[in-house]
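Heads up: the structure comes next, in structure tokens.
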Amino acid sequence: MVNKVLVHWLEETVQEISKRNLTEITLSTGKTPSGHVHIGILREIIICDALRRIFEKKGVNVSFYLFMDDFDAAKRFPYYIDENYQKSNLGKPFALIPCPYEDCGCESYAYHFGNELISTFKHFGIKNEVKWSYNLYQKREMQDKIKIALENTNRIKEILKKYILPTLDNDRKEQFNDMQKTWIPVMAICGKCNKIQERAKDGSIQPNRAIEYLKKEQMVIYKCPACGYQGRTSIYSG
Ligand SMILES: [Zn+2]
Ligand SMILES: [Zn+2]
């Protein structure tokens, strides 16, 4: 019975996609490697992989990407991570946090837990291409996109205002308008403490958002909310 239901909704999804008569399909999903990965994350990976198998059989060219978001900052750590270790690494991107286990030899915290998930794929026959987000930001194509965003800050603000503002209550509207006055669509990694955000005393997250874009120099200026360091960084520095 269970199988029947599963086959039914997957077939329905296949039919919906088939209607578009595509010769190429891109499937993608993602995960932040913040610790041992919960088995629940396999749900979307297996759905994508099932679609990949079906469409490959039909002769469609399928790309299936798994984005490991190791540029995401550590907002909290799981209970099994040493407390002092947690304190010194909160707010850093997972790619810049060392592996928490001695003699493990991993390049980063992100690689330790990300690769643990990836190592299970062969047992399920899952075939995908893993993209590490921190690496993507080292690429010229991504950096050029950052430049486009910085040069179109006002247009982005207009779009946010149009779509986000109507969904907020009055208090949050005021907060949003206040924030928009100085908002720039880029955050920076602090050159001193490696953090991109800080948790304030009231529990709110304060991102290390750029405070000024120097167009000619293609640099942003920031003031780190975690350590107070004021620095500048090139948008081509990754
Ligand atoms: Zn490790
Ligand atoms: Zn800092």
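The values are calculated or read from the model by the stated rules, or taken from the named source; none is laboratory data. Bear in mind the structure is a predicted one, so any value in this text is a computation, not a measurement. Quick reminder, even Gly has a Cβ in these numbers, built from the backbone with ideal geometry, and neighbours come from all protein chains shown.
Looking at this structure, is F64 surrounded by 19 or more Cβ atoms within 10 Å (Cβ to Cβ), assigned by TED's automatic domain parsing to the domain that holds L117 and more than 23 Å from the chain's Cα centre (by Cα)? So F64 fails the test. For the range 82-94, indicate whether the set of residues that are among the small types (G, A, S), surrounded by fewer than 16 Cβ atoms within 10 Å (Cβ to Cβ) and within 13 Å of ligand 1 (Cβ to nearest atom) is non-empty. Checked the range 82-94: no residue is among the small types (G, A, S), surrounded by fewer than 16 Cβ atoms within 10 Å (Cβ to Cβ) and within 13 Å of ligand 1 (Cβ to nearest atom). In the set (1) assigned to a loop (DSSP other than H, G, I, E, B); (2) out of contact with any Phe, Trp or Tyr (no Cβ under 8 Å at 6 or more places or on another chain), F55 fails one condition alone, (1). When the range 191-228 is limited to residues that are within 14 Å of ligand 2 (Cβ to nearest atom), among the small types (G, A, S) and at negative phi, the one that is surrounded by the most Cβ atoms within 10 Å (Cβ to Cβ) turns out to be A210.
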